[in-house]
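Let me begin by presenting the structure, written as structure tokens, before commenting on it.
The values are calculated or read from the model by the stated rules, or taken from the named source; none is laboratory data. Just so you know, these numbers come straight off a predicted model, no measurement behind them. Cβ sites come from the backbone with ideal geometry, for glycine too, and all protein chains shown count toward neighbours. When the accessible area is computed, the model is the full protein with side chains, heavy atoms only, and any ligands, DNA or RNA have been set aside. Shrake-Rupley method; radii C 1.70, N 1.55, O 1.52, S 1.80 Å.
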Amino acid sequence: PPAPPQTYALGKGREAAAWAETVHPSAPHLPYERPEGSRQDGVLDGSVPLFWNKQRTLEFLQALKVPGADNKLENFLLTVLSCNEMTAALRVNVLWKYIFSEPARWLTGKAGELGWGVDY
């Protein structure tokens, strides 16, 4: 079967979804962003689901740990996502997105309708 959208083919998206359904069946989940193309604000867009799902992601990574196994990527993600600096950076990015980036996008898209555009 084809991979569901928002799932990296070599990642653990299916396992994480199945784990979340059994451990946190009623908890809301925001899908992770996968920026493609030349958008420069992917960090801001991706920070929202990372911040929202952070605790669940940490629990999932903890559940993946197997005694004697050494998965460097999973250990790195667990270490980075659990540090206070990452939490602070995610909070700042989420605030920046909703206070500055989203209103600027809206104004940019509506400039012509608002009469702010330059007529050539």
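Per the listing Gly42, Gly13, the residue uniquely closer than 21 Å to Met86 by Cα and either modelled with pLDDT under 90 or touching a strand residue (DSSP E or B) at 6+ places or on another chain (Cβ under 9 Å) (or both) is Gly42.
Screening Val80 on (1) out of contact with any helix residue (DSSP H, G or I) (no Cβ under 8 Å at 6 or more places or on another chain); (2) surrounded by fewer than 12 Cβ atoms within 10 Å (Cβ to Cβ) shows it passes everything except condition (1). Annotation note: Cβ proximity below 9 Å between a residue of segment 83-107 that is under 13 Å from Gly46 (Cα atoms) and open to solvent by 90 Å² or more (accessible area, probe 1.4 Å) and a residue that is of a type in the set (Val, Ile, Thr) and at pLDDT below 95 (sequence gap 6+ or interchain) occurs for Tyr98/Val48. If you filter segment 21-72 down to residues that are among the small types (Gly, Ala, Ser) and in contact (Cβ under 8 Å) with a residue 12 or more places away in the chain, you find that the one that is nearest to Ala88 (Cα to Cα) is Ser47.
Identify all residues within segment 108-120 that are open to solvent by less than 100 Å² (accessible area, probe 1.4 Å) and part of a helix (DSSP H, G or I); write none if there are none. If the condition is that a residue be open to solvent by less than 100 Å² (accessible area, probe 1.4 Å) and part of a helix (DSSP H, G or I), then Gly109, Lys110 are the ones that fit. Residues in segment 13-70 that are among the small types (Gly, Ala, Ser) and either outside any helix (DSSP H, G or I) or open to solvent by 100 Å² or more (accessible area, probe 1.4 Å) (or both): Ser26, Ala27, Gly37, Ser38, Gly68, Ala69.
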